[in-house]
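Notes follow once the structure below has been shown.
Each reported figure results from applying straightforward, stated rules to the coordinates on display, with no laboratory input. Every value quoted in this text rests on a predicted model; they were computed, and no experiment measured them. A quick note on method: Cβ atoms are made from the backbone with ideal geometry, for glycine too, and the neighbour counts reach across all protein chains shown.
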Amino acid sequence: MPTRRAVRKAPRFVLTEGLLCRMTWDEIAAILVNEVAHIRNNDIWTMSWAAALHRTIEWTSLIGLVSLRAEHNVAANRPLAALLRAAPSIAQLLRLALSRTRELDADATALELTGDSRALIAALDKLERHHAGFSGAARNFTRGWYNALLCSHPATSERVRRPAQPRLLTFKSNYVADI
């Protein structure tokens, strides 16, 4: 079963026998550089803060709802109660969106470091086919916009489309650099 993961604190990579057997050396290098990009971009720290913020919102919402219930004044504060009920879900959707963005940034960084988009695209496609259990085309067909909101990683079709496009960085001085 192919898999790879960068772990917290002392970065280490775990490569399964399945990944080593099913991928070429260039694809393995692309996967490893993608994981190095997560470390370089400080994604573990960023996503840890996002998770802590999400938990804080969950607890704050719960305490707010309990307080409203204790006051027996829920009817007068319906908009506040609705916001408190929705806040954890909104926070989770924002956290997933951040995760998808960080994944695209890691792909761009990996491409910047290797310059080999073909190996990265082939590796992503193989990983998706393995994890989905059927072809990537069928998975992308069944993946609607609502499913895309609930995923921590962007669709492979989006990730594959991105390396082919130049990455633009916009600075505050309205200067645009093409990388």
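Shown for 156, 60: other C-beta atoms within 10 Å of each C-beta, ranked fewest to most, produce the order 60, 156.
Charged neighbours of residue 65, selected by a Cβ distance under 14 Å, balance to +1 (K, R count +1; D, E count -1). Per-residue packing, averaged as other Cβ atoms within 10 Å, sorts the ranges 92-101, 107-116 into the order 107-116, 92-101, beginning with the highest. For the range 26-127, what class follows from the C-alpha gyration tensor (a ≥ b ≥ c being the square roots of its eigenvalues): rounded when a/c is under 1.5, otherwise prolate if a/b is larger than b/c, else oblate? Note, shape of the range 26-127 comes out prolate.
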